[in-house]
Amino acid sequence: MEPSRFLRAVLNAIMGVLSVGGPIAMAAPMHGQPDAVASERDLERPPSWSIPAYAEVRRLMNGWLDRAAGQASAADIAAVRESWPEQAPEEPLADMLDHVMDSFSRIDARSATVRRSIGDGRPAAAPAAADIGWLNDPATNAFQRDAVRLWLGRECVRRDCFDEGLTLLADLDPTTSIDPASLLFHRAACQHWLLESDVAMESLDRLLERSGEIPVRYERVARLLRADIASLEDESLDHIARRMRDVTRRLDLGRPGPKTLAVQDGVIDSLDKMIKAIEQQQQQQQSQSSSGAGGGGRSGNGTPMEDSRIAGGKGAGEVTKRELGDSDGWGKLPPHEREEALQQIGREFPAHYREAIEQYFKRLASGEEKR
């Protein structure tokens, strides 16, 4: 099944209203409570990981250069060693991970190929399988393998390739990583986007174990992400909207494959359930209203009617027929019933949800979109 025009219509209608203008939607902390929880967690146990010192990373790099001596000229090897002086630079390196990747790329052709494949400025680049197969080879040096996977996973996240990024980062160990803060932050970003709430919370909590030591940008965004994912309810309209946004991202990347279709089908199922739940609420309210207006078979004093009496109802005894249709009959409700549904949504959700769904109904009613 190709990506349907139906879903595109819903995406355009709802996400146009709900969009917050960034690759990671974040809600503001609720009255400081999530921050307070995170702070309490920071104090519950000692950090499970540490930030490696410059000297340790330099030692690992020199060990790798010793083993790579035959892969490049002596001049290149010497130049890379000089870029790692014994004393840490007075000005801290802007990005330790980039410096490590630069060193690998100058000596090792495979690392250089990976860097070129994703570092050419394409907005939606993802590594080709042929370019990274060596990262899964047990014979690959562990220091180089893990550092390249971390750098590549970070670059995938920056390009909204969250599935590929999570695949690269999921199995890396913060206790042996040369940049554990970057690892935990970007792993959590993938999990947050893909709505893997439980593991996202774990990654964020672990990152915040080093609160005050990690980069300020990581800490602040991590607390916002934590507050956001903690307040998200499964199958809520917000949850559905985020999955729609994920489908939009996948389609924008040109990936209408099985994963995209699975998310799309899940969105449609959730919308079906939500609409049916609203219809059931309406039916219950109408039933209660009719029962209250007609006395519900009870006498005026509220006691049950005696069996020997004949009811004095004045109705014609006919039941209005209603065509329920199937799940594909959305947008065919009579105007007054559609308005009731929108009013119900307006009472239970913020106003912008009503606007989004109203646009959706208009598209269906005009026949522009069909599933």
Review point. Dipole magnitude of segment 54-178 about its Cα centre, charges +1 at Lys/Arg Cβ and -1 at Asp/Glu Cβ only, in debye to the nearest 20?
Key: 260
Practice item. Extending each Cα 7 Å along its Cβ direction at residue 66 and residue 277, get the distance between those two points in nm, one decimal. Key: 6.2
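So if we plug the beta-carbon distance of residue 269 and residue 141 into 1/(1 + (r/R0)^6) with R0 = 35 Å, what FRET efficiency do we get, rounded to 0.05?
For residue 269 and residue 141, the calculated efficiency is 0.15.
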Exercise for review: For residue 170 and residue 88, calculate 0.36 nm times their separation in residues minus their Cα-Cα distance, and state this gained length in nm to one decimal.
Suggested key: 26.5 nm
Study note, to complete from the structure: Sorted on mean Cβ neighbours within 10 Å (highest first), peptides 80-90, 178-188 come out as 178-188, 80-90
Practice item. Starting from the amide H of residue 72, placed 1.01 Å from N in the peptide plane, find each other amide H under 5 Å away whose residue is 5 or more places distant or on another chain. Key: none
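Ranked from highest to lowest mean number of other Cβ atoms within 10 Å per residue, what is the order of the peptides 46-52, 109-115?
Highest to lowest by the protection proxy: 109-115, 46-52.
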**Study point:** Spin-label model distance (nm) - residue 99 vs residue 73, 7 Å beyond Cα toward Cβ
**Key:** 2.5
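Bear in mind that the values in this text are calculations on the coordinates, not laboratory data. Nothing here was measured: the structure is a model prediction, and the numbers come from that model. Backbone-built Cβ (ideal geometry, glycine too); neighbour counts: all protein chains shown.
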